[in-house]
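Read-outs throughout are calculated quantities, based only on the coordinates presented, and are distinct from any laboratory measurement. The structure presented is a predicted model; accordingly, all values stated were derived computationally and were not measured. Backbone-built Cβ (ideal geometry, glycine too); neighbour counts: all protein chains shown.
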Amino acid sequence: MPFCETICSFCPFTRGRYKAEQDINDYVEALLREIELKRNLLGRTKVDVVFVGGGTPSLLSSLQIEALGHALHTHLDTTKLIEFTFELEVKSVTRQKLESMQRIGVNRVSFGAQTFSALHRRLFSLDATVQQIRDAAEMLTEMFPYTNVDMIYGMAGQTAEDLFGDISEALRLRTTTVDFYPLNNLAAQVRMHKMVRKAGLRHLSAARRIQYRRDIDEYLRAQGYSPINGYSYSRSDGPNRRTIQHHPKFQYHDIIYGYHDDAVLGYGACAITKVPGYNVYNHADRAEYISRVRVGTLPWEGFEVGNCPEKGVVTFPYRGTLEKSRIPWESIPSETCAAFEEALAAGLIIDGDETYDLTPQGWLFYVNLMYYLMPTKSKRWISDRIAAQTSNGHECERTVLE
């Protein structure tokens, strides 16, 4: 849902302003048509998870939310649906919209607070009030079994006092889970970097960001939380001994960062469909997307990516656990296998009966470990991407760990 009332300066996702309600009406009409068109091509596909993201899906009206739910349940086989997530922005949340989400089967809602620091809220163009965040959280936790709040850390100029203030405020919201993810300076908009420079702030070093990650982990564990993936925490439901607990899961991310044979069907402008051997990209331009769908044409371009048997191994540090039986070990690139053995010998991974699991040290450096497990061609792609973003005005913190 590529519409926003406010364009947040840190956001790397699909987003855009709209001039009138008709813009949203036209888009939703096209989206419903695309769902029908793909059913004609693929059949009534069985799905485990539905995720409605953006942009700002909560800008939809109650009627549009229910029309979307009807289309999904009609054209997809949702009889075994485990998780149905709707992303929200607190300014557009109403009880009527939430009741519509309940009626279509939504069981998980997620919203972004990002930070409670007045300085950083200005830098990020976050214009919801703190009271609006608290009021929305109270309503959501009352109405849905699984709620999540997104928080950012590691932004330029952030102090330890800022960090602990954000943690404390986030936990006051009493959501089922809380995400603390590091600000991706390379993916943020150039506008944010200009505002940071104008404010005279300096990017934090990698060492400081890692220390903040340790601080978050220690604080949340002391409050009875445990990590459930790379940056998400949930209230613990038992002895807090394992590095990663897997209840409740965020199923959508477990599939996105999943195994080589997981599949994702994307709908809407700029959406990505991933099936073994292919990536299919919907047209990013909203007007072009709508015009193609209106004449009964799927708005996509397909790219053959070849087999990627190592995907489950490379993304394993995000999930925290690796099911041995799901990996075609004989097809894994030798350099990935060698890196995996080194990480195992270094104590970043432990070997269980049916799974491999991250140790606390491995989990602390999960992003670095994902890169380390990649074959050379994937590392090269990442490095080229970083170089391109840097040359386009995106600044990066000092990455050497001292």
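List of remarks:
- Once both labels are positioned 7 Å from their Cα atoms along Cα-to-Cβ, the gap between Glu330 and Phe164 label points is 5.6 nm.
- Shape call, the range 1-89: gyration tensor on alpha carbons, a/c limit 1.5: prolate
- Principal axis dimensions, the range 273-402 - Cα atoms, whole angstrom, descending: 56, 39, 24
- Considering only the chain, percent of DSSP beta bridges that pair antiparallel, nearest 5: 50
- Förster radius 35 Å - calculated FRET efficiency between Asn107 and Gln211, Cβ distance, rounded to 0.05: 0.45
- Of Gly69, Gly352, Gly105, the one that fluctuates the most in a GNM where the chain has Cα springs shorter than 10 Å: Gly352
- Stretchable slack from Tyr181 to Lys91, in nm (0.36 nm times residue separation minus alpha-carbon distance): 30.2 nm
- Pairwise FRET efficiency - Asp261 versus Thr355, Cβ, R0 = 22 Å, nearest 0.05: 0.80
- Candidates per trypsin sites (Lys or Arg not before Pro) in the range 189-232, loop by DSSP, up to 15 other Cβ within 10 Å: Arg202
- Estimated distance in nm for a label pair at Phe13 and Tyr281, the labels positioned 7 Å out from Cα along Cα-to-Cβ: 2.0
- Karplus-based coupling profile of the range 307-315, in residue order and whole Hz: 6, 9, x, 7, 3, x, 6, 5, 8, with θ = phi - 60° in 6.51 cos²θ - 1.76 cosθ + 1.60 and x standing for Gly or Pro.
- Pairwise FRET efficiency - Gln22 versus Ile272, Cβ, R0 = 41 Å, nearest 0.05: 0.90
- Extending 7 Å from the Cα toward the beta-carbon at both Lys377 and Thr45 defines two label points whose distance is 2.4 nm.
- Net charge of neighbours whose Cβ lies under 12 Å from the Cβ of Glu341, counting Lys and Arg as +1 and Asp and Glu as -1: -3
- Total formal charge among the other residues, if their Cβ is under 13 angstrom from that of Arg294, Lys/Arg +1 and Asp/Glu -1: -2
- Lysine pairs within the chain, Cα separation less than 22 Å, 8 or more sequence positions apart or different chains: 19
- Point-charge dipole on Cβ atoms (K/R +1, D/E -1) for the chain, about Cα centre, debye to 20: 800
- Dipole size of the range 272-353 about its Cα centre, with +1 on Lys/Arg Cβ and -1 on Asp/Glu Cβ: approximately 580 debye, rounded to the nearest 20.
- Three-way shape call for the chain based on the alpha-carbon gyration tensor, with the a/c threshold at 1.5: rounded
- Prolate/oblate/rounded label for the range 20-171 (Cα gyration tensor, a/c 1.5): prolate
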